[in-house]
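So the structure is just underneath, and the comments pick up after that.
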Amino acid sequence: MTDIAVGGYLPGDSVLHRLDPRTKLLGLIVMLVMVFRHDSTESIIITAFGTVAVVVLSGAGWRVWASELVRFKWMLAIAAGLNLFFAQGGEPLKMAGWEIPLTVNGVRSATVICLQLLQAIIFSVTLTFTTTPTELTRGFERLAYPLKYFKVPVAELGLVMLLAMRFVPLLQQELRNIVDAQKARGVEFSQGPLLDRAGALRAILIPALTRTITRADLLAVAMSARGFKPGEPRSEYRPLEFRRIDLFAVTFLVSLVACQLLVSNVGNLF
């Protein structure tokens, strides 16, 4: 589980793995809008239902999810702290007869933003868990195809996105190897004054940057040797196509959107 990079792919044959990448990309956009569009309790419950369904259908075990989500603990803690102490309005909270520097609005705002961020992270991670970088790139190119009429280099942007996703796990592995090598040479990263530990990071950053540039240069040579030319059309071994399972996914997504809109409109009436 520690080898799974942020944005890494988990091979599998789950329901979400079999979906067309365009369906998953559009679904991610719609779910993110649903998550941040309304912050009522009813809306959060509806999106939470969709979140649980996505987690179950992804086919990844709870250990994988726990290992992945724990990486975002500091981001969630900072977001909660900022909303907890700086949210305005509301009655002050009391504990054992003493007022504490927190308000009801602050607690609610911190809870809501944490739940929204957590759901957004789960939806985004699910997309990368169940879709290879190549499929993501092809799905992006197909969805952005109309932009070609406005002279937007869609294929080149998709290639850049693919290479960036490919380099994330490679860079993570390079950093891990360099850290292990420097520790074997006696470099300490967790002991000593803060300035000394910060200076020791140079023993990681400089080799990592050098090896990354070397990899990029080798990749450019390999692509050139294989006849790659920017802007030239390329064939597909397995063309993308929508299937019945995609129709079921769209129906489920539309049902969630309709439920949230219904709940929001009923809440506004009352």
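Derivation of every value follows stated rules applied to the coordinates shown; laboratory data play no part. Everything numeric in this text was worked out from a predicted model, so none of it was measured. Cβ atoms come from the backbone with ideal geometry, glycine included; neighbour counts cover every protein chain shown.
Could you work out how much longer the chain between T251 and A184 gets when fully extended? Use 0.36 nm per residue separation minus the Cα distance between them, nm to one decimal.
Working it through step by step, the gained length comes to 18.6 nm.
Rounded to two decimals, what is the ratio between the C-alpha radius of gyration of region 154-230 and 2.2 N^0.38 Å?
On the way: Rg = 16.6 Å, N = 77, 2.2 N^0.38 = 11.5 Å.
Against the compact-globule rule of thumb, the ratio is 1.45.
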remark   = With Rg from the Cα atoms and Rh as the Kirkwood inverse mean 1/r over Cα pairs, region 11-99 has an Rg/Rh of 1.09
Cα-based Rg and Dmax for region 171-270, where Dmax is the largest Cα-Cα distance (Å) = 26.2, 68
note = For L102, other-chain or 5+-apart residues with amide H closer than 5 Å (H placed, Pro excluded) are L93
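Could you compute the FRET efficiency for W98 and N265, with r as their C-beta to C-beta distance and R0 at 41 Å, rounded to 0.05? Intermediate values should be presented prior to the final figure.
Values: r = 42 Å, r/R0 = 1.02.
Calculated transfer efficiency: 0.45.
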query = Could you give P(r) for the chain, binned at 10 Å from zero, as whole percent values over all Cα-Cα pairs?
reply = 6, 20, 26, 25, 16, 6, 1, 0
query = Residue-wise, which Karplus ³J(HN,Hα) couplings in Hz belong to region 135-143, taking 6.51 cos²θ - 1.76 cosθ + 1.60, θ = phi - 60°, and x for glycine or proline?
reply = 5, 4, 5, 5, x, 5, 5, 5, 5
inquiry  = If I build a Gaussian network model for the chain, linking alpha-carbon pairs within less than 10 angstrom, which residue out of A258, A60, A110 has the largest mean-square fluctuation?
reply    = A258
